[in-house]
Amino acid sequence: MSLHIAIDPTESEPGSRLVVCLEGLLNSQGAETAHHYLRILLDQQTKPVHVLLEGSKLTYLNSSGLRTLSQFSRELRKSGKRLALCCASEQLTDLVEVAGLSTLILMYPSVDEARQALVH
């Protein structure tokens, strides 16, 4: 199984935040796909946006995936925006915490909670 990525237009708010659904494996191959897709996505925006990654169907995350997410988060922070991982399994959120990335990659139990926390 590979990584599938799609924007959720019903949850996204143009000019403010994008909700991106992740499904599958965020391993070395998936990390490359995610980096490419997210880069294109950001380049298409007319102004900086928060990016909420809906991860309820994300089944695997390794160091390559963590590196991609942390690099992307750093890019967003330069423009005053944040990256949030939402709806991920406890195993994946624990992995982010153990890697020491929970201040860089924000984590929320739902997209609604992330949306409320990231209002600007």
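Once the Cα-Cα distance is subtracted from the 0.36 nm per residue extended length, the Ser16 to Val119 segment shows a gain of 36.3 nm. Please give the FRET efficiency for Ser28 paired with Arg77, using the beta carbon to beta carbon distance and R0 = 25 Å, rounded to the nearest 0.05. The computed FRET efficiency comes out at 0.55. Charges were assigned to the Cβ only: +1 to each Lys and Arg, -1 to each Asp and Glu. The resulting dipole of the chain about its Cα centre is roughly 520 debye. Once the range 1-51 is represented by equal point scatterers at the alpha-carbon sites, with solvent omitted, what log10 I(q)/I(0) does the Debye formula produce at q = 0.16, 0.26, 0.27, 0.30 Å⁻¹? Log10 of I(q)/I(0), two decimals: -0.46, -0.99, -1.04, -1.15. Between amide H atoms placed 1.01 Å from N, distances below 5 Å from His50 occur with Arg17, Leu18, Arg82, all of them 5 or more places distant or on a separate chain. Ellipsoid fit via the Cα gyration tensor, the chain: semi-axes of 20, 15, 14 Å, each the root of five times an eigenvalue, largest first. Taking the C-alpha atoms only, the angle from helix 28-43 to the longest principal axis of the chain is near 0 degrees.
Computed extension length for Tyr60-Val98: 12.2 nm, one decimal, from 0.36 nm per residue of separation with the Cα-Cα distance subtracted. Dividing the summed helix terms, -39500 (n - 2.57) for each DSSP H run of n ≥ 4, by the number of residues in the chain produces a 222 nm estimate of -12500 deg cm²/dmol to the nearest 500. Listing Tyr60, Tyr108 from fewest to most neighbouring C-beta atoms within 10 Å gives Tyr60, Tyr108. Against the chain, whose longest principal axis is taken from its Cα atoms, helix 63-78 shows a tilt of about 20°.
Read-outs: derived from the displayed coordinates by stated rules, not from any lab. What you see is a predicted model; the values in this text were computed from it and never measured. Neighbour counts run over all protein chains shown; Cβ positions are idealised from the backbone, glycine included.
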